[in-house]
1. Dipole magnitude of the chain about its Cα centre, charges +1 at Lys/Arg Cβ and -1 at Asp/Glu Cβ only, in debye to the nearest 20?
2. Quick one: which of 239-249, 6-16, 199-209 comes out on top by average Cβ neighbours within 10 Å, and what's the full order, highest first?
3. By how many nm would the segment from Glu66 to Asn323 grow when fully extended, if each residue of separation counts as 0.36 nm and the alpha-carbon distance is taken off?
4. Rounded to the nearest 500, what is the 222 nm mean residue ellipticity of the chain from helices alone, with -39500 (n - 2.57) per DSSP H run of 4+ residues and division by all residues?
5. So what's the net charge close to Gly10: Lys and Arg +1, Asp and Glu -1, counting the other residues with Cβ under 12 Å from its Cβ?
6. Beta carbons within 10 angstrom, averaged per residue: use that to sort the peptides 363-370, 72-79, 320-327, 214-221, highest first.
7. Give the cross-link partners of Lys243 among the lysines, using a straight C-alpha distance below 22 Å as the criterion and excluding same-chain residues fewer than 8 apart.
8. Over the chain, with a Gaussian network built from C-alpha contacts below 10 Å, which listed residue (Gly210, Gly379, Gly235) shows the highest mean-square fluctuation?
Amino acid sequence: MESYDAVIIGAGPAGCASALFLHRAGYKVIVLDRALFPRDKVCGEFISPAADSILEDLGVLSSIEEENPERVRGVFISSYGGAELGIDYPPIEKGQKSPTSLSVPRFLLDNLLLKQLKNVGIKVLEEHSVDDFIFDSGNVVGIKVKAPENHRLEITTKVVIDAGGRNAISLRRLNLKNKIKNEGKIAIAAHWKNIRLPQAYCYMHVGSPGYTGIAQVARDTINAVMITGTSQIKGQNITEFYKNGIKQNKKRRALLAGAELAEEPRTVESLAFSVKAPKCGGLVLVGDAAGFIDPFTGEGIYLSLRSAQLAATTLDCAFKTSNFSRSKLAEYDQARSNEFSAKFTLSKILQKVIYNRRLCNLVVKNLSKNPFLADEIVGVIGDYLPAKNAVSLRFLIKFLRGILSPQNKLIDTTVSEALNA
Ligand SMILES: Cc1cc2nc3c(=O)[nH]c(=O)nc-3n(C[C@H](O)[C@H](O)[C@H](O)COP(=O)(O)OP(=O)(O)OC[C@H]3O[C@@H](n4cnc5c(N)ncnc54)[C@H](O)[C@@H]3O)c2cc1C
């Protein structure tokens with residue numbers, strides 16, 4: 001039985017960031033991951049500009065920069081093969097240069113994060129799967145681990161940070177995932193080689209059989225993720241479905257002309273979900289384990305890093321007062337909710353928009369005529385403008401004004417499009 005101040009389950013962005021923040025504050029931490037690194041992960045691999053400062057603070061940005069990573073200057077949106085628009089990130093402050101966002105394969109990014117743990121002397125156990133908690137008086141005080149060669153291990157601690165992602169042990173063991181009523185969605189992702197995109201955008205194509213996010217992740221390599229309904233696949237071969245789905249959209253077809261699939265596409269169930277706070281003390285959830293936002297706005301990595309930062313602040317105070325009760329740790333849940341809830345609402349609104357062809361066309365056209373609104377949306381998606389800027393009555397009024405303004409004729413165009421469809 002070994003003992004640590006904090007045990008961290010998972011060495012993804014949330015787990016590594018949690019470990020680095022707590023280690024720097026002087027606490028003895030250990031990180032366990034069931035995978036052997038470097039490991040891959042289905043992801044759009046496109047990181048919000050706001051993540052740069054956290055990665056720098058963690059001491060990882062310089063090692064990412066040494067790899068000469070791709071950087072993206074904004075988002076290009078195309079709606080059902082029709083209306084389209086490229087939006088550059090607006091400057092963080094007036095008169096400043098516009099920020100850019102990293103676009104890095106997860107195989108590389110997650111491994112650099114893990115290396116940083118080892119560089120600063122944090123103990124990491126790979127190929128160790130946490131399969132239960134140790135409880136005392138209803139509170140979590142440790143973990144039970146399946147180690148290689150069927151060895152078992154128990155580790156006691158003051159607090160467990162579950163950063164195990166979408167299928168985190170806490171969600172299953174403590175039944176914390178809220179049930180979802182929507183149709184199941186699946187993400188299919190692959191890298192393509194021999195391709196250089198025309199501009200440094202993350203290309204979001206909304207259309208049939210789903211939407212895709214395409215970004216340059218290396219000199220001649222792109223990552224293309226398609227999100228579609230599970231029912232659309234109906235027993236078809238995944239690779240064929242994916243290749244045909246990409247080519248079904250003329251804009252995607254043009255973009256990927258001459259490119260070759262570099263690997264077999266990988267899949268992951270891709271549904272947004274929310275999570276109930278645990279009822280016990282001694283446990284906090286960070287990153288995807290605390291809730292998953294649909295990847296359309298592509299900021300899960302930033303949210304993971306930022307939630308780790310918020311959790312570390314609450315935990316530092318918990319260590320200083322030796323108070324790991326549920327009510328103390330709930331301060332983190334509250335801070336997280338204060339900061340992210342408007343963003344989650346925006347993500348839900350965008351989901352409604354992208355799955356409605358007419359509405360999606362209308363929104364993209366309106367944004368193209370109102371650069372100010374487009375800038376606000378992209379700044380919010382980039383996580384450096386407050387989400388409440390876009391989830392507000394003020395924004396809605398400006399948006400409706402844009403639609404109703406006679407010179408825009410957006411309603412007329414949309415109605416005539418609908419009649420011609
Ligand atoms: C289709 C898709 C596209 C996406 N695109 C983007 C994008 O473009 N940009 C972006 O920012 N975000 C994107 N995301 C979201 C992003 O991938 C996640 O938000 C991010 O990976 C969450 O990090 P995490 O550290 O919480 O979890 P993860 O990265 O999932 O890491 C969890 C780790 O925990 C380990 N683990 C789990 N359970 C246990 C256990 N019981 N014992 C030991 N180890 C365990 C796993 O092996 C894993 O290494 C996308 C997600 C999907 C599904």
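Every number here is computed from the coordinates shown, using simple stated rules; none is lab data. Being a predicted model, the structure only gives us computed values, none of them experimental. With ideal geometry, Cβ positions are generated from the backbone for all residues, glycine too; neighbour counts draw on all protein chains shown.
1. Working: 54 positive and 43 negative charges, 280 e Å.
It comes to approximately 1340 debye.
2. Numbers: 239-249: 17.5, 6-16: 29.5, 199-209: 20.5.
Packing proxy ranking, top to bottom: 6-16, 199-209, 239-249.
3. Details: separation 257, 0.36 × 257 = 92.52 nm, distance 4.13 nm.
Fully extending the segment from Glu66 to Asn323 adds 88.4 nm.
4. Details: 14 runs with 163 residues, N = 421.
Calculated from helices alone, the mean residue ellipticity at 222 nm is -12000 deg cm²/dmol.
5. Numbers: positive: Arg34, Arg39, Lys41, Arg166; negative: Asp33, Asp110, Glu126, Asp162, Asp288.
Its environment carries a net charge of -1.
6. Numbers: 363-370: 21.0, 72-79: 24.0, 320-327: 12.4, 214-221: 19.4.
The peptides rank, most packed first, as 72-79, 363-370, 214-221, 320-327.
7. Lys41, Lys185, Lys193, Lys234, Lys251
8. Residue with maximal mean-square fluctuation among Gly210, Gly379, Gly235: Gly235.
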